[in-house]
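So the structure is just underneath, and the comments pick up after that.
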Amino acid sequence: DTEVTQTPKHLVMGMTNKKSLKCEQHMGHRAMYWYKQKAKKPPELMFVYSYEKLSINESVPSRFSPECPNSSLLNLHLHALQPEDSALYLCASSQDPGLTDTQYFGPGTRLTVL
Amino acid sequence: AQSVAQPEDQVNVAEGNPLTVKCTYSVSGNPYLFWYVQYPNRGLQFLLKYITGDNLVKGSYGFEAEFNKSQTSFHLKKPSALVSDSALYFCAVRGGSGAGSYQLTFGKGTKLSVIP
């Protein structure tokens, strides 16, 4: 089973709202990722968690705050977003964060910021 | 730094015909190459990867890809296209050395349309 689940599927929020995206995997993977994907563009890496520790932050604005409560869960807390942050947010996981490990993606959360 | 080029924004092929989606890469060390497919409003699905060994890699749904080191290419192929193969295809690479080697670098994507 290579399933990564994400909730919610869709999210509409105002610029003053606080919301969270949730990602879950039960494959025993020790690396988890957040990506942002704009329409008809490739995914862009935001954060990498390796063994529940934040290992990579690709200079993402502080209005995005990741959290890894345990090895199966990954959250992305959102606050004071801008309309240009509207995108598909993808979560992925891999067995390890190594170069050869396959990343498995969830279905994504479609975020609209009004 | 590593990079991936998918030279075709769109590929059209008739159902039942063979299909090829092109990908070339640039990386300083050993390349680790991946293909993903994305259906509308969905996440990316892993198709196949090349790590080492046999240059012809077989993957999901009848897809295969051929690694060519001299041409730095990793083209995706399928002998007989299905209408359900219509989707957006991404090639990706990891490898090299330095701070950016961990990153899965994607090409811009190729939209495949299979015409009935």
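The values are calculated or read from the model by the stated rules, or taken from the named source; none is laboratory data. Bear in mind that the values here come from a model prediction, so they are computed numbers and not experimental data. Here the Cβ is made from the backbone with ideal geometry for all residues, glycine too, and neighbour counts use every protein chain on show. Remember, those area values only see protein heavy atoms, side chains included, never the ligands or the DNA or RNA. Shrake-Rupley method; radii C 1.70, N 1.55, O 1.52, S 1.80 Å.
Taking every protein chain into account, the accessible area of region A:37-107 amounts to 44 square angstrom per residue (probe 1.4 Å).
Which percent, to the nearest 5, of DSSP beta bridges fully inside chain B are antiparallel?
Around 85 percent antiparallel, to the nearest 5.
The Kirkwood radius of region B:1-77, taken over pairs of alpha-carbon atoms, gives through the Stokes-Einstein law at 20 °C and 1.002 mPa s a diffusion coefficient of 160 µm² s⁻¹.
Of the trypsin sites (Lys or Arg not before Pro) found in region B:38-104, those that fall in a DSSP loop while having at most 11 other beta-carbon atoms within 10 Å are B:69. Please give the residues from region B:33-67 for which the solvent-accessible area of heavy atoms, probe 1.4 Å, is smaller by at least 50 Å² with all protein chains in place than with the chain isolated. Those are B:44, which lose 50 Å² or more relative to the chain on its own. Accessible surface for region B:47-116, divided over its residues, is 45 Å² per residue with a 1.4 Å probe.
All C-alpha pair distances within region A:50-114, sorted into 10 Å bins from zero, spread as 17, 49, 29, 5 percent across the bins. Taking only protein heavy atoms and a 1.4 Å probe, the accessible area of region B:22-116 is 51% carbon and sulfur. Dividing the convex hull volume of the alpha carbon atoms of the protein assembly as shown by its residue count gives 122 Å³ per residue.
The longest part of chain A holding none of the exposed loop trypsin sites (Lys or Arg not before Pro), meaning those outside H, G, I, E and B in DSSP with at most 10 other Cβ atoms within 10 Å, is A:41-114.
Averaging sequence separations of C-alpha pairs under 8 Å and six or more residues apart, then dividing by the length of chain B, give the relative contact order as a whole percent. Walk me through the intermediate numbers first.
Working: 301 pairs, mean separation 44.6, N = 116.
About 38 percent, as a whole number.
Dipole magnitude for chain A: computed about the Cα centre from +1 point charges on Lys and Arg Cβ and -1 point charges on Asp and Glu Cβ, it is near 460 debye. For region A:74-100, the residues whose amide N sits under 20 Å from a probe point set 7 Å from the Cα of residue A:39 along the beta carbon direction are A:82-90.
Across B:92, B:65, B:14, mean-square fluctuation computed from a Gaussian network of chain B (C-alpha pairs under 10 Å connected) peaks at B:14.
In terms of distances greater than 24 angstrom between alpha carbons, the cross-link table entries B:22/B:49; A:53/B:69; A:38/B:111; A:38/B:77; B:77/B:108; A:38/B:78 yield A:53/B:69; A:38/B:77; A:38/B:78.
Note on residue A:52: accessible area is roughly 80 Å² with a 1.4 Å probe, heavy atoms of protein only. Of all lysines in the structure, the ones whose alpha carbon falls short of 18 Å from that of residue A:19, not counting any fewer than 8 places away in one chain, are A:9, A:36.
A P(r) calculated from all alpha carbon pairs of region A:1-77, with 5 Å bins opening at zero, reads 3, 13, 24, 26, 21, 10, 2, 0 percent.
Give the A-B buried accessible area in Å², both sides summed, 1.4 Å probe, nearest 100. It would help to have the intermediate numbers written out before the result.
Numbers: alone 6350 and 6310 Å², together 10880 Å².
Counting protein atoms only, the buried area is about 1800 Å².
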